[in-house]
Amino acid sequence: MQSISTPPDRQPRLLVVELWGVGDVALSVPFLRAAARHSRVTLVAQPHAEPLLRRFCPEVELVPFTAPWTAFRGKYDLLHWPWLELSAVVSGLRSRSFAAAVSARRDPRDHLLMALGRAATRVGFPRVGSRLLLTDPLGAPASRHRAAHWHALAEHLGWDLPAAVPRETHSGKHVVIHTGAGHAVREWPRERFEEIAERLGSAGWRVTLLDNSLRSLDELVDVLATADHFIGNDSGPGHLAALLGVPTFTIFGPQLPELFAPQHPQAAWIEGAPCVFKPCADACRFGSPHCIRDLSAADVWTRVDAWLAQRDA
């Protein structure tokens with residue numbers, strides 16, 4: 001899979017598997033962009049990847065597939081899995097005759113899908129015996145961040161991934177705040193976001209407040225592209241903002257910044273309260289996710305104010 005100076009229709013085919021959320025797809029975009037310079041790339045991802053590919057890497061083909069194991073509940077209710085759809089996806093992958101397939105996740109289900117697709121070379125990070133499904137098993141990178149796994153895949157294939165580059169200027173004073181997340185356990189209370197917005201307004205910032213009612217990813221990206229700074233939960237909008245070159249401030253709860261902080265050189269964050277189960281999945285063992293709900297507006301404002309002051313400095 002080295003760089004080849006051949007016409008696009010003669011380049012080797014590469015299968016990329018990223019079946020999870022909007023933020024996960026956003027983190028894969030630098031790899032997809034690099035891969036498209038060397039290969040004919042097909043991404044298997046949920047349908048929400050389509051507007052992101054159209055905007056950030058239109059050369060990449062999408063095979064839309066919502067894997068049943070990515071569901072929040074009932075993910076292993078095999079009786080209700082879309083077996084016909086899964087069979088059609090596998091048949092479609094086989095018909096493309098991939099030279100290679102990659103996944104940045106330590107997920108045997110990804111590796112099985114790559115093997116069923118009959119990619120000649122299968123590169124990934126093995127777990128629970130999935131080494132048998134990979135031709136090129138890789139060791140874990142030094143950093144645990146998801147982006148580091150994409151960098152390790154690119155390095156294995158002989159490609160360079162450029163570092164995240166911010167926009168040339170953020171001289172304006174427009175802050176976009178997104179109060180939503182893919183799961184409720186990652187959501188800081190909206191009324192505290194509104195308090196942050198009021199403080200920003202009093203300090204001379206123009207604030208756009210968004211939430212999950214904005215369903216269109218095209219519209220979301222358009223709004224984020226107008227921002228000078230972004231504030232939100234550990235969720236997809238923050239990763240999209242970083243991809244657009246916008247500095248981000250993230251309020252973390254059950255996850256850890258070293259795993260999923262947006263990739264921007266001026267990214268900042270506040271971690272939620274300690275919990276013995278962190279990092280955890282999107283289901284809290286307590287009545288309420290205290291890790292994020294215990295953060296007060298005053299706690300967050302102190303960190304946000306310092307973060308914004310760095311710009312002026």
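The values are calculated or read from the model by the stated rules, or taken from the named source; none is laboratory data. Here the structure is a predicted model, which means the values were calculated and not measured. As a convention, Cβ positions derive from the backbone with ideal geometry for all residues, glycine included, and neighbour counts pool all protein chains shown.
Structure data summary
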{"quantity": "Scan of region 113-166 for residues that are acidic (Asp, Glu) and without any contact (Cβ under 8 Å) to a residue 40 or more places away in the chain, ordered by number", "calculated": "136, 155"}
{"quantity": "Answer residue from region 8-27, given it is of a type outside the set (Phe, Trp, Tyr) and under 10 Å from the mean Cα position of the chain (by Cα) and is nearest to residue 232 (Cα to Cα) among those", "calculated": "23"}
{"quantity": "Only one of 16, 29, 44 that is out of contact with any Asp or Glu (no Cβ under 8 Å at 6 or more places or on another chain), part of a strand (DSSP E or B) and not polar (S, T, N, Q)", "calculated": "16"}
{"quantity": "Sole exception among (1) on the phi > 0 side of the Ramachandran plot; (2) without any contact (Cβ under 8 Å) to a residue 40 or more places away in the chain for residue 245, by number", "calculated": "(2)"}
{"quantity": "Verdict on residue 101 being among the small types (Gly, Ala, Ser) and in a strand (DSSP E or B)", "calculated": "yes"}
{"quantity": "Test for residue 53: is it in a helix (DSSP H, G or I) and assigned by TED's automatic domain parsing to the domain that holds residue 105", "calculated": "yes"}
{"quantity": "So residue 100, is it modelled with pLDDT of 95 or more and in contact with a Phe, Trp or Tyr (Cβ under 9 Å, 6 or more places away or on another chain)", "calculated": "no"}
{"quantity": "Hits in region 118-146 - residues which are in a strand (DSSP E or B) and either out of contact with any strand residue (DSSP E or B) (no Cβ under 8 Å at 6 or more places or on another chain) or β-branched (Val, Ile, Thr) (or both)", "calculated": "121, 123"}
{"quantity": "Of all residues in region 64-112 being over 20 Å from the mean Cα position of the chain (by Cα) and in contact (Cβ under 8 Å) with a residue 40 or more places away in the chain, the one that is surrounded by the fewest Cβ atoms within 10 Å (Cβ to Cβ)", "calculated": "97"}
{"quantity": "Selected residue (criterion: modelled with the highest pLDDT) from residues of region 264-313 that are part of a loop (DSSP other than H, G, I, E, B) and among the polar types (S, T, N, Q)", "calculated": "296"}
{"quantity": "Near pairs, Cβ below 8 angstrom, 6+ apart or cross-chain, from region 288-311 (over 14 Å from residue 198 (Cα atoms)) to any residue that is among the β-branched types (Val, Ile, Thr)", "calculated": "289/185; 292/185; 292/251; 295/251; 295/270; 299/270; 303/270"}
{"quantity": "Search result, residues across region 193-233 that are in a helix (DSSP H, G or I), surrounded by 13 or more Cβ atoms within 10 Å (Cβ to Cβ) and under 17 Å from the mean Cα position of the chain (by Cα)", "calculated": "217, 220, 221, 224"}
{"quantity": "Residue among 250, 179 that alone is surrounded by 15 or more Cβ atoms within 10 Å (Cβ to Cβ), in contact with an Asp or Glu (Cβ under 7 Å, 6 or more places away or on another chain) and free of Cβ contacts under 8 Å to residues at least 24 places away in the same chain", "calculated": "250"}
